[in-house]
Amino acid sequence: MSTFDEAVTALDAAAAGPLDRFALASTARDQVEGWVNGAQVLTLLTTLRDRGWTQFLLERRTPAELEEFSGLPSGRVADILVVLEAHGIVAQADGHVQLSASFEALAAADAWIGLDDLLDRSELMSRLTRTAAEEPGPLPLSEPDALVIARAAGGAAGAVTKALYEQIFVPQLPELSEALKAGAWLDVGCGVACATLTLSSMFPEMEGVAIELVPTVAAETVRRAEAFGVTDRIDIRVMDARELDEPDRFAGAFWAQPFFPEQTRAETLAMLLRSLKPGGVLFIQEMEPQPDEAERAAYTLRRLISEGWGVPFGRTAEQLADEAKAAGFAIDRIAQTDFGRLVVASRPA
Ligand SMILES: C[S@@+](CC[C@H](N)C(=O)[O-])C[C@H]1O[C@@H](n2cnc3c(N)ncnc32)[C@H](O)[C@@H]1O
């Protein structure tokens, strides 16, 4: 309880009216000040990232090197470093400065979902939140915006992601390796195909098709697949997934359901059912489980944007299982993993 709250509580109710209101306003003001601090440090970090600081500070630097790099005077650089250190972004010792261990891991090239992905998504979400409050229609999403979303949702396939998949995700979902060994793989709404590219590096025999609707996103996915050297095994197609016409081909499939608008879902599931072989397995991820009290506020913000895009938000694994069942799938189980819950469904034999 704040000093003002205590003062108000101590006073007799009749006399406390105006002070009560002062205490109430203080509570709200403290809340706003907390948001202001977060917004300000986010603005600082994003601006410094745009100006190259976060890459520059992957290595130990002296303040003098930073002054030369940034073109800012020594006093300003020192003040910025104090802010960054106070927020756990950099560490200073022996006349040198560097990103803190956790920010180094986040900004480094091998991060799963990296600092750039997060900051770009944060900027996009701020813009869309403003639009949601101003405009009555659906929220616009340009192709570059779709790429920002895909990068932050999927992350980058690399050494860290591979270790996560090898040591945690794949062992927790044995149906996945069974499907990958049994035949072709289908990734529906692949985005930047982090999952498919990571799996392709783990299973050399894996081959399949990854489908993405947005050309700018698919171009980045092709670039990443080329860097992985798997374009001979993973066929990235730019198309509406509903139009895939390769019946009875695939042994396993993943559906990025949170990104599919309501009016496309039944047809997408019908395509998945016909594309899988009898007995083929479909994985559907629950993206937004019911939040606990601590998570509820952030959940409402994500919901505001998703609903603005016309995609159903917060569908639970049980609801997703019902959706797949209505499309003709058999529900094998709801799997609990460290990456959340997935519905494991299969095409009836
Ligand atoms: C953000 S990605 C999901 C991340 C991905 N699972 C990964 O591992 O990187 C989902 C993608 O589904 C795509 N999508 C939505 N509707 C689609 C459709 N009808 N056909 C093909 N792709 C679609 C969106 O463009 C979006 O890029």
Given H placed on each backbone N at 1.01 Å, which residues far from S100 in sequence or on other chains put an amide H within less than 5 Å of it? V90, A91
Give me W185, W112, W309 sorted ascending by neighbouring Cβ count inside 10 Å, so fewest comes first. W309, W112, W185
Among S74, S26, rank each residue by its count of other Cβ atoms within 10 Å, from fewest to most, as a rough exposure measure. S74, S26
Computed label-point distance, nm, for sites L164 and D94 using a 7 Å Cα→Cβ extension: 3.2
Taking the chain as the reference, fit the longest principal axis to its C-alpha atoms, fit the long axis of helix 317-326 to the helix C-alpha atoms, and give the angle between the two in degrees, 0 to 90, nearest 10. 30
Over all Cα pairs of segment 3-106, how is the pair count split among 5 Å bins, expressed in % and running from 0 up to the last occupied bin? 2, 11, 18, 17, 10, 7, 7, 7, 7, 7, 5, 2, 0
Residues E123 and R60, FRET efficiency given R0 of 41 Å [Cβ-Cβ distance, rounded to 0.05]: 0.90
Within the chain, longest stretch free of exposed GluC sites (Glu not before Pro) [DSSP loop, at most 16 other beta carbons within 10 Å]: 60-204
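What does the charge dipole of the chain about its Cα centre add up to, to the nearest 20 debye, if the Cβ of each Lys and Arg holds +1 and the Cβ of each Asp and Glu holds -1?
Details: 30 positive and 53 negative charges, 108 e Å.
That gives a dipole near 520 debye.
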Please report the equivalent ellipsoid semi-axes of the chain, computed as sqrt(5 x eigenvalue) of the Cα gyration tensor, largest first, in whole Å. 42, 29, 18
Stretchable slack from E178 to R303, in nm (0.36 nm times residue separation minus alpha-carbon distance): 41.5 nm
Distance (nanometres) between label positions extended 7 Å along Cα→Cβ at Q263 and T337: 3.3
Packing-based exposure ordering (other Cβ within 10 Å, fewest first) of L282, L304, L66, L320: L304, L66, L320, L282
Mind listing the long-range amide H neighbours of L186? Cut-off is under 5 Å, sequence gap 5 or more, other chains count too, H placed in the peptide plane at 1.01 Å from N. V209, G252, A253, F254
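For the chain, what is the mean residue ellipticity at 222 nm derived from helices alone (per DSSP H run of n ≥ 4: -39500 (n - 2.57); sum divided by total residues; nearest 500 deg cm²/dmol)?
After summing the helix terms and dividing by residue count, I get -16500 deg cm²/dmol.
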Counting just the Cα atoms, what span does segment 133-249 cover along each of its three principal axes? Round to the nearest Å and put the largest first. 49, 34, 26
Gap in Å between the Cα centre of segment 283-349 and the Cα centre of segment 48-78? 43
Under a 5 Å amide H to amide H cut-off, with H placed in plane at 1.01 Å, what residues pair with I236 once short-range neighbours are removed? A210
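All of the numbers you see were taken from the coordinates with simple rules; none came from a lab. Owing to the predicted nature of the structure, the values given are computational and were not obtained by experimental measurement. FYI the Cβ positions are ideal-geometry reconstructions off the backbone, even for glycines, and counts take in every protein chain you see.
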